[in-house]
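The values are calculated or read from the model by the stated rules, or taken from the named source; none is laboratory data. As the structure is a prediction and not an experimental result, all values here were calculated from the model. All Cβ positions, glycine included, derive from the backbone under ideal geometry; neighbour counts span all protein chains shown. The protein model used for the area step is the full one, side chains on, heavy atoms only, and it has no ligands, DNA or RNA in it. Shrake-Rupley method; radii C 1.70, N 1.55, O 1.52, S 1.80 Å.
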Amino acid sequence: MYCRKCGRKIPDDSEFCPYCGEKTTAIPVSNAEVSSRDDENDYGVTVEQQETDPEYEREVQKENARTGKNRDDNINNNVEYYYADKKKPGGKKAFFIFAAFAVAAVAAVVIWMFASGRIGKAAEAVTDASGEKIRQGIGTEEIDVTDADGNIVTVKTDKRLVTKESILKKYTDVMNNLKSDSPGFSVTEYQNLPSKYQHFGSVGGIVLPIIEKYVTSKENAKEKNYPAGNSENLPLHSSSYGTLLTDTNKIKTAYSEVMDDGSEKLVIVLIDEENPTALSDGATTTSGTVNAVFEPYDAGQIITEISNLALSNISFNYTNCTAEVVYDPGSEHVKSIKMTMNIDASGDFTVLTVGARIVDITEYTNFIYA
């Protein structure tokens with residue numbers, strides 16, 4: 001008789017087909033009936049193909065060797081998997097077609113991302129779904145920092161700029177690029193004398209007028225405008241560099257802040273320094289602290305005038321000098337600079353020690369790049 005599934009001739013007393021494993025019946029199948037039925041088995045393979053397919057025969061022999069059985073031991077169940085994977089829709093051929101489409105789709109997405117600048121470009125300031133200004137792929141976080149006045153404040157900072165080293169490097173790059181670009185800008189300088197830091201006693205009426213000669217209130221300060229090409233009027237005046245600070249040990253506090261418009265602010269507060277000297281012309285390095293970032297007062301001239309009042313042990317202590325730079329994180333163009341020096345002047349007058357704090361502030365604004 002013939003197997004109703006694969007169509008092959010099998011012994012009449014077989015309970016299972018020795019080729020495909022199909023359970024048989026005791027009813028013989030005539031040649032006419034075989035020829036009248038579908039000539040394909042369940043896997044789209046004709047009886048003739050199955051009889052002559054060398055790969056099929058190799059699979060039979062391989063299974064025989066693996067199990068130690070022969071054809072009559074019904075080993076075709078495993079051989080069926082070979083045909084199901086090779087011939088049936090959804091097998092290896094369909095898998096490779098699907099894989100090819102998947103690879104093509106991924107490649108198209110990558111090409112689109114490069115073309116649109118979503119990868120392969122420097123990170124720029126963007127707005128996320130919640131409206132928060134962040135740097136693409138970097139993000140922000142809120143941290144508590146100590147400002148120049150010793151107050152604890154919470155700021156939103158760029159995650160890349162959280163160490164003194166990273167902030168100083170960014171500050172150096174931005175300020176050096178500023179001197180190199182030499183854009184147009186405006187500058188305003190003014191001072192104030194906080195009353196809580198004035199300690200003059202009975203000689204206040206004599207000493208204070210001399211100090212006030214070096215003080216201009218914000219209301220009376222005049223803005224100066226410089227066209228492009230006046231980099232010598234930017235910090236530092238005496239150097240072609242925007243800063244000469246290289247030692248993070250000279251930094252008391254440093255942090256970055258992401259502004260509401262996506263700009264970033266770098267804040268550096270220096271350690272205190274007594275009687276700093278002015279920077280020499282054309283300087284490229286300095287061992288000082290304050291003059292690596294700021295323009296110290298000409299202390300010599302002040303000391304000469306105050307000395308005429310019979311003061312001794314005159315000293316100028318620069319404390320919590322703070323540099324703030326706001327820039328565009330994409331172009332690194334500076335938008336504004338604020339330089340604040342707190343100068344504690346003191347001296348002995350007979351048995352009294354007198355002193356005052358001068359707060360010197362210089363603001364750079366209205367930058368115009370070519």
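What number of residues within the stretch 186-197 are outside any strand (DSSP E or B) and surrounded by 14 or more Cβ atoms within 10 Å (Cβ to Cβ)? Lay out the reasoning, then the answer.
Of all residues in the stretch 186-197, those outside any strand (DSSP E or B) come to 193-197.
Subsequent filtering for residues that are surrounded by 14 or more Cβ atoms within 10 Å (Cβ to Cβ) retains 193, 197.
Final tally of qualifying residues: 2.
Would you confirm, using the coordinates I've provided, whether V207 is open to solvent by 30 Å² or more (accessible area, probe 1.4 Å), hydrophobic (A, V, I, L, M, F, W, C) and either over 42 Å from the mean Cα position of the chain (by Cα) or modelled with pLDDT of 80 or more (or both)? Talk me through it step by step, then tell me what you get.
Values: open to solvent by 30 Å² or more (accessible area, probe 1.4 Å): no; hydrophobic (A, V, I, L, M, F, W, C): yes; either over 42 Å from the mean Cα position of the chain (by Cα) or modelled with pLDDT of 80 or more (or both): yes.
No, not satisfied.
Got at least one residue in the stretch 159-176 being among the aromatic types (F, W, Y) and modelled with pLDDT of 80 or more? Working first, answer last.
Step one: filter the stretch 159-176 for residues among the aromatic types (F, W, Y), giving 171.
Next cut, modelled with pLDDT of 80 or more only: 171.
Scanning the stretch 159-176, I find at least one residue that is among the aromatic types (F, W, Y) and modelled with pLDDT of 80 or more, so the answer is yes.
Look at the stretch 163-185 and say how many of its residues are more than 25 Å from Y369 (Cα to Cα) and open to solvent by 70 Å² or more (accessible area, probe 1.4 Å). Spell out how you get there, then give the answer.
From the stretch 163-185, those more than 25 Å from Y369 (Cα to Cα) are 163-166; that's our starting set.
Add one more test, that the residue is open to solvent by 70 Å² or more (accessible area, probe 1.4 Å), and what stays is 164-165.
Residues flagged as more than 25 Å from Y369 (Cα to Cα) and open to solvent by 70 Å² or more (accessible area, probe 1.4 Å) within the stretch 163-185 amount to 2.
When you look at E264, is it closer than 19 Å to A323 by Cα and either buried (at least 18 other Cβ atoms within 10 Å of the Cβ) or under 30 Å from the mean Cα position of the chain (by Cα) (or both), yes or no? Explain how you work it out, then say what you get.
Details: closer than 19 Å to A323 by Cα: yes; either buried (at least 18 other Cβ atoms within 10 Å of the Cβ) or under 30 Å from the mean Cα position of the chain (by Cα) (or both): yes.
Taking the combined requirement at face value, the residue satisfies it.
Going through the stretch 218-257 one residue at a time, which ones are more than 25 Å from the chain's Cα centre (by Cα), of a type in the set (K, R) and open to solvent by 40 Å² or more (accessible area, probe 1.4 Å)?
Residues satisfying the conditions are K218, K222, K224.
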